[in-house]
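Below: one structure, written as structure tokens.
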Ligand code: RIB
Ligand code: CA
């Protein structure tokens, strides 16, 4: 029986690779893609999600538009990283497939109420606004969620949008606080892991030769890595979002700890910081499996093999 998932996303090149990995993996049953404002505004993320589905030849995938701004703050975007379109690096045709009429938050609520309890996993790879809004509007869905596997946060790696905060958490810290406090089984892929999932020339060339979608993926990672190589002086760029899908497929690629993680929402200096109690010194109850290690060769082998199937 394939695992039922909903990907909540703000495409972004790395989101695109995560979505393609999910679409290439029969172990996963993608019930829908819910889009949120993040890397670029909502209109673009909802368009980009459909571009990605059509690239994968999966125009039947249901794509929903969700929240166009954080719960209680102004939207912060990341065109400086992802380019104006959010999918800079290659120009693909505008989507023909339609956006679903239903709002993403209503889809999340309706689906979690309709599916048997504990059978749907949420995979947020952008700001957590849609997920938190659904939880706030319909608290009854919280115990019905099987697990949340998200990309966000950082511990020893600090932040990427501020010294203290990672982008997905920083954009909507109130949403993150609600999700991390909801009591749902939570797996977190922070910068501490994703900064070890670095592209390289050899890895990008392997992407380029990975079947029909390979050239697009290589062009995206070529574009995406220019910013991070400059910023971190690393050989390649971190492939953040696909770590969530890879975890669902091969959890043994990752190592981490079940610890307490709280979200800073009060301080301007450290807004959006994930205060991860890695050394368990706070006495606060664990609420997340916070990843710290990855078998990066295994990750890229899985990714390349699956992309070639599309
Ligand atoms: O900080 C990395 C995260 O922010 C990734 O999800 C990337 O797509 C951006 O949304
Ligand atoms: Ca993202």
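Every read-out reported here was derived from the displayed coordinates using simple, explicitly stated rules and does not represent laboratory data. Computed from a predicted structure; not experimentally measured. Quick reminder, even Gly has a Cβ in these numbers, built from the backbone with ideal geometry, and neighbours come from all protein chains shown.
Numbers below:
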read-out: Rounded Å value of the spacing that divides the Cα centres of the stretch 243-310 and the stretch 1-62; value: 20
read-out: Beta bridges by DSSP in the chain, antiparallel share as percent, to the nearest 5; value: 30
read-out: Residues of the stretch 17-33 with amide N under 18 Å of the 7 Å Cα→Cβ point at residue 252; value: 27
read-out: Mean Cα-pair separation over length for the stretch 202-268, i.e. relative contact order, pairs under 8 Å, 6 or more apart, %; value: 15
read-out: Computed lengthening from residue 27 to residue 137, 0.36 nm per intervening residue step minus Cα-Cα distance; value: 36.5 nm
read-out: The stretch 1-152: relative contact order in percent, alpha carbon pairs under 8 Å with at least 6 residues between; value: 28
read-out: Full-extension gain in nm, residue 57 to residue 201, via 0.36 nm per residue minus C-alpha separation; value: 49.1 nm
read-out: Rounded, prolate or oblate (a/c below 1.5 giving rounded, otherwise prolate when a/b exceeds b/c) for the stretch 202-275 by Cα gyration tensor; value: oblate
read-out: Relative contact order computed over the chain (Cα-Cα under 8 Å; 6+ residues apart), in percent; value: 20
read-out: Separation between Cα centres of the stretch 86-161 and the stretch 181-207, rounded to whole Å; value: 17
read-out: Exposure proxy ranking, count of Cβ atoms within 10 Å, fewest first, for 107, 227, 207; value: 227, 107, 207
read-out: FRET efficiency, residue 115 to residue 74 (Cβ-Cβ, R0 51 Å, nearest 0.05); value: 0.90
read-out: Among 158, 266, 126, residue whose mean-square fluctuation peaks in a GNM of the chain (springs only between Cα atoms under 10 Å); value: 266
read-out: Gain in span if fully extended, residue 231 to residue 102, counting 0.36 nm per residue against the direct Cα distance; value: 42.5 nm
read-out: 108, 253 arranged by Cβ crowding within 10 Å, fewest neighbours leading; value: 253, 108
read-out: GNM top mover of 166, 147, 60 - the chain, alpha-carbon springs below 10 Å; value: 60
read-out: Three semi-axes of the equivalent ellipsoid, the chain, Cα gyration tensor, whole Å, largest first; value: 26, 23, 19
read-out: Per-bin percent of Cα-Cα distances, the stretch 63-208 [10 Å]; value: 10, 33, 35, 20, 2
